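Report on one structure; see the data block that follows.
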Amino acid sequence: MAKRSPPSRTSVRRKLIALGRRFYGRDWVLGTSGNFSVVLSRKPMRLLLTASAVHKGRLRSSDFLEVAEGGKTTARGRKPSAETALHLAIARTRGAGAVLHTHSVWSTILSAQHAAAGGLTIHGYEMLKGLGGVSTHEHHERIPIVENDQDMTRLAGVVTDLLMRTPDAHAFLLAGHGLYTWGATLADAERHVEILEFLFETVARRSQPWP
């Protein structure tokens with residue numbers, strides 16, 4: 001089988017710009033929240049990552065930076081996302097081709113409600129079959145919740161340890177913050193966001209008292 005050529009940087013930027021508009025339209029990345037990355041190479045590790053404090057619904061080609069191991073970038077005048085270390089940790093530990101972070105109302109609510117329990121488990125929903133490797137609605141998806149930390153180096157270490165201890169997890173939540181998920185490709189990661197955000201909203205709405 002012929003080795004697949006990596007996508008061009010221009011193509012990746014276009015896909016992420018379109019993805020940002022879709023996610024903004026769903027209220028998953030309001031304001032300057034959220035961040036996206038795609039792995040350009042593994043040896044050496046290099047990501048294409050959204051710059052810090054950019055509006056995801058109005059992304060431009062100049063709003064992406066190439067980031068190397070350790071979070072170093074050659075771009076002048078732009079900073080990568082503050083959470084670059086988390087993207088690198090996930091890409092390394094999971095072998096992911098893309099990492100997406102959203103900041104929806106529902107993921108934020110659930111991450112705060114279940115933080116003390118260290119996570120929440122979702123089962124019994126047909127939409128679970130949209131997660132990679134899941135073939136039945138009877139699947140129990142455990143989504144760990146990590147305490148947020150402004151020290152990103154320390155938080156990346158916590159995340160790396162978590163991912164090594166939970167090899168079946170498709171995502172995790174930062175408490176009071178939002179969702180991190182990933183996939184072998186950008187399309188896989190986007191599908192995981194769609195599935196998980198649907199499940200978060202369903203679970204949160206069902207837990208509310210109705211008149």
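Annotations
- Selected residue (criterion: surrounded by the most Cβ atoms within 10 Å (Cβ to Cβ)) from residues of the range 154-211 that are aromatic (F, W, Y), farther than 16 Å from L128 by Cβ and in contact (Cβ under 8 Å) with a residue 60 or more places away in the chain: W182
- Residue pairs whose Cβ atoms lie under 6 Å apart, separated by 6 or more positions or on different chains, with the first residue in the range 20-37 and closer than 15 Å to V99 by Cα and the second among the aliphatic types (A, V, I, L, M) and assigned to a helix (DSSP H, G or I), are F36/L16.
- Any chance R76 is among the charged types (D, E, K, R), modelled with pLDDT of 90 or more, at negative phi and more than 12 Å from the chain's Cα centre (by Cα): no
- The residue that is nearest to the chain's Cα centre (by Cα), among those in the range 105-119 that are within 25 Å of R92 (Cα to Cα) and surrounded by 15 or more Cβ atoms within 10 Å (Cβ to Cβ), is S107.
- Filtered residues of the range 154-200 (kept if in contact with a Ser or Thr (Cβ under 8 Å, 6 or more places away or on another chain) and of a type in the set (D, E, K, R)): E197
- Condition check for R9: touching a strand residue (DSSP E or B) at 6+ places or on another chain (Cβ under 7 Å), surrounded by fewer than 16 Cβ atoms within 10 Å (Cβ to Cβ) and basic (K, R): yes
- Here P144, P80 are screened, and the one residue that is in contact with a Gly (Cβ under 7 Å, 6 or more places away or on another chain) and more than 20 Å from E201 (Cα to Cα) is P80.
- Scanning the range 43-65 for residues that are among the hydrophobic types (A, V, I, L, M, F, W, C) and either under 16 Å from I17 (Cα atoms) or assigned to a loop (DSSP other than H, G, I, E, B) (or both) turns up L47, L48, L49, A51, A53, V54, L59, F64, L65.
- Any pair with Cβ under 9 angstrom, 6 or more apart, that starts in the range 7-18 at a residue that is more than 18 Å from V54 (Cβ to Cβ) and ends at one that is surrounded by 11 or more Cβ atoms within 10 Å (Cβ to Cβ) and basic (K, R): P7/K15
- Restricted to the range 120-140, and to residues there that are over 15 Å from the mean Cα position of the chain (by Cα) and touching a residue at least 40 places away in the same chain (Cβ under 8 Å), the residue that is farthest from A98 (Cα to Cα) is Y125.
- Selection of the range 61-84 for residues being under 16 Å from G34 (Cβ atoms), of a type in the set (A, V, I, L, M, F, W, C) and surrounded by 15 or more Cβ atoms within 10 Å (Cβ to Cβ) yields F64, L65.
- Hey, M152 at pLDDT below 95 and either under 15 Å from the mean Cα position of the chain (by Cα) or at negative phi (or both) or not: yes
- Residues that are modelled with pLDDT of 95 or more, part of a strand (DSSP E or B) and among the β-branched types (V, I, T) do occur in the range 19-42.
The values are calculated or read from the model by the stated rules, or taken from the named source; none is laboratory data. These numbers come from a predicted model, not from an experiment. Please note: Cβ atoms are built from the backbone with ideal geometry, for glycine as well, and neighbour counts cover all protein chains shown.
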